[in-house]
1. Can you find even one residue in segment A:40-49 that is assigned to a helix (DSSP H, G or I), open to solvent by less than 20 Å² (accessible area, probe 1.4 Å) and modelled with pLDDT of 85 or more?
2. Test each condition in (1) out of contact with any strand residue (DSSP E or B) (no Cβ under 9 Å at 6 or more places or on another chain); (2) touching a residue at least 12 places away in the same chain (Cβ under 8 Å) for B:L208 and report the one that comes out false.
3. So which residues in segment B:48-97 are on the phi < 0 side of the Ramachandran plot and assigned to a strand (DSSP E or B)?
4. Do we find a residue being within 11 Å of chain A (Cβ to nearest Cβ), touching a Lys or Arg at 6+ places or on another chain (Cβ under 9 Å), of a type outside the set (D, E) and open to solvent by 10 Å² or more (accessible area, probe 1.4 Å) anywhere in segment B:54-65?
5. All but one of (1) touching a helix residue (DSSP H, G or I) at 6+ places or on another chain (Cβ under 9 Å); (2) open to solvent by 80 Å² or more (accessible area, probe 1.4 Å); (3) over 26 Å from A:A157 (Cβ atoms) hold for A:W56; state the number of the condition that does not hold.
6. Go through (1) in a helix (DSSP H, G or I); (2) within 14 Å of chain A (Cβ to nearest Cβ) for B:D153 and report which single condition fails.
7. For segment B:54-104, enumerate the residues that are among the acidic types (D, E) and without any contact (Cβ under 8 Å) to a residue 40 or more places away in the chain.
Amino acid sequence: MTAILQYMWDQRMEIWWLTQEHLAMTGTAVGLAVLIAIPLGVLAARVRRLSFLVTWVGSIGQTVPSLALLGLLMPVFGIGTPLAVAALTVRGVLPVLINTYVGIAGVDAAVTEAGKGMGMTSGQRLFMVELPLAAPAIAAGVRTATVHCISIATLAAFIGAGGLGDMIFLGINQGRTEQILAGIVPAAALAILSDLLLGGVERFVTPRGVRA
Amino acid sequence: MIRFENVHKYYGAVHAVRGLDITVRPGEFLVLIGPSGCGKTTALKMVNRLIAPTSGRVLIDGTDVSEMPLVTLRRNIGYVIQETGLFPHMTIAQNVALVPRLKKWPRAKRNERVDELLHLVGLDPAVYRDRYPRHLSGGQRQRVGVARALAADPPIILMDEPFGATDPITRKQLQRELARIKEQVQKTIVFVTHDISEAFLLGDSICLLKDGEVVQHATPEELLRSPANDFVHEFIGDEAVSRQFDYLQMGEICRTPLPTFPADAPDWQIATALRKAGTAVGATIDPGGRLTGIVQVIPHAEGGNRTAVQRRPREHVRVARRDELVREFFPGLCRTNRAGGPTGGAVDPGLVVVDEQSRPCGLVSYDDIVRLIAGLVTGTAIEETSGADPEDESTAAFFTRQRVKGAVAR
């Protein structure tokens, strides 16, 4: 135990550096995912035909293994950080997309009809009614996406994109438990912390009128 | 003014609305009623273009709604739906102020309007302004829904079964409040319901629909008096029994004939004529035939054969015009006294009914009232008693006699 802590203390600069890399990768990917997924989700909720496509692609997409995803995208993005970010983005889009769609489609039909009947434009309904009411669901999607991405990002080391995965794979190669743990512990801590943090965000964006 | 011109709506092969031709006058409260699937909600939603007609036109003040800018059209039409559709993430004040906000009213004016409207619908602004819809009961939410529809002072309000989801007591209360609000705000209102008593309570006119067609469009009174066919009759059902009293006019319950005399006719002449006519009450008239008072024959207290004639000038006679509603007079009618009235002397004969020119047409006697009540209790329509043979002793008269006997025995 002391040996592990000692090792982590000795490697603190390296761990710090890798953590930053890890976070940058996930952060970029989740950011991109949100930018792509929310408009798509809104579109899916508005256009009935697309909604089928979105939920279908969403469910299938979730089943593709992350490692396979890396392989699939390699011909397009080559080896390195861009590939890692692209793969993480694809992974991150799905939960946000589905939650956005479900959140908006789940707005009470009476509320939507009242909005229409009172003369709100489509945009006003979206920004004043639908998005605020779907916000908790969307935030939950972002939370899921972030936690997934943080754990999946450890695989980025495979394709030379760095991150805490470097530590883990080096440790595996060299058979050094403390080195493996020096990668795993910060990665797990990151996932737990971001989950807690985003849980707070989720509560924050839940409109007061619908808080339980 | 709203006009439906030969409006049809098809949903695929289903012909939901078939050639609707209705006009709603400014300030009129029109109730669209009928069984489920009769097209009433479809018709309503054509006004604010939530549904487009397959053919035909809907006009507001002469302009086809399909040619008006959609958003402007809707912001100038209040809309209330059964599920209220309040925005759960907005406070009551924000909900009510929504259309004013869309119309970019200044904040101060919006706040003022919110308070005014919450007062109007019977919610204390200080208590409810900052609450959220989920804190309110169903009835309160529906009040907010009504306030929200009125917020930007639109000339037209559409209400789609607004009280359908509330419990019977709340519903009665909301209906009464809406009847009051309607008097205060003077709007053109189109109201969809399947509750016939609600329709009678609120509607200036009622349009009964069936299978997408108008079966009868009439005032509540016309609907009760002359239902177009068996469907209307059946649909009105029990309501007809409980409402028959509502539009009953004094002329219709006045059954006792009232012989008339010139005001200067001598007592003996009047007494003889009344005895011949078999009645104790007559009316005196001026040369123009207008009522000047009543005359009553009073059998002498000693039981002798001498009779006296008591004259009562018009100002001491209760008079009703024949087209006045019975319900307005009812409390007074019930006070009609068999024993001597406050005027002393003769028995209060009842209420004299006159025509538009103030000419007496008859008397509503105590018997007539008892007969009326008996009819109401047993549920027999008033019309059915009208052809009754005057010689035929009515149940009411029988009861009256029994009671008089009882009094004598005591």
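1. We begin by selecting, within segment A:40-49, every residue assigned to a helix (DSSP H, G or I); these are A:40-46, A:48-49.
Now restrict to residues that are open to solvent by less than 20 Å² (accessible area, probe 1.4 Å): A:41, A:44.
In the following step, the residues that additionally are modelled with pLDDT of 85 or more were identified as A:41, A:44.
Yes, segment A:40-49 has at least one match.
2. Answer for B:L208: the failing condition is (1).
3. Looking only at segment B:48-97, we keep the residues that are on the phi < 0 side of the Ramachandran plot, and these are B:48, B:50-55, B:57-60, B:63-83, B:86-97.
If the condition is that a residue be on the phi < 0 side of the Ramachandran plot and assigned to a strand (DSSP E or B), then B:S55, B:R57, B:V58, B:L59, B:I60, B:T63, B:D64, B:I77, B:G78, B:Y79, B:V80, B:I81 are the ones that fit.
4. Just the residues of segment B:54-65 that are within 11 Å of chain A (Cβ to nearest Cβ), to begin with: none.
Checked segment B:54-65: no residue is within 11 Å of chain A (Cβ to nearest Cβ), touching a Lys or Arg at 6+ places or on another chain (Cβ under 9 Å), of a type outside the set (D, E) and open to solvent by 10 Å² or more (accessible area, probe 1.4 Å).
5. With (1) touching a helix residue (DSSP H, G or I) at 6+ places or on another chain (Cβ under 9 Å); (2) open to solvent by 80 Å² or more (accessible area, probe 1.4 Å); (3) over 26 Å from A:A157 (Cβ atoms) applied to A:W56, the lone miss is (1).
6. Going through (1) in a helix (DSSP H, G or I); (2) within 14 Å of chain A (Cβ to nearest Cβ) one by one, B:D153 breaks only (1).
7. Result: B:D64, B:E67.
Residue by residue, here is whether (1) in contact with a His (Cβ under 7 Å, 6 or more places away or on another chain); (2) open to solvent by less than 10 Å² (accessible area, probe 1.4 Å); (3) outside any strand (DSSP E or B); (4) among the aliphatic types (A, V, I, L, M) holds:
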{"position": "B:R3", "(1), (2), (3), (4)": "no, no, no, no"}
{"position": "B:N6", "(1), (2), (3), (4)": "no, no, no, no"}
{"position": "B:K9", "(1), (2), (3), (4)": "no, no, no, no"}
{"position": "B:A16", "(1), (2), (3), (4)": "no, no, no, yes"}
{"position": "B:D21", "(1), (2), (3), (4)": "no, no, no, no"}
{"position": "B:V31", "(1), (2), (3), (4)": "no, yes, no, yes"}
{"position": "B:G37", "(1), (2), (3), (4)": "no, no, yes, no"}
{"position": "B:T41", "(1), (2), (3), (4)": "no, no, yes, no"}
{"position": "B:L44", "(1), (2), (3), (4)": "no, yes, yes, yes"}
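The values are calculated or read from the model by the stated rules, or taken from the named source; none is laboratory data. The model shown is predicted, which means the values in this text are computed figures rather than measured ones. Note that each Cβ is placed from the backbone with ideal geometry, even for glycine, and that neighbours are counted across all protein chains shown. With ligands, DNA and RNA removed, areas are computed over all heavy atoms of the protein, side chains included. Shrake-Rupley method; radii C 1.70, N 1.55, O 1.52, S 1.80 Å.
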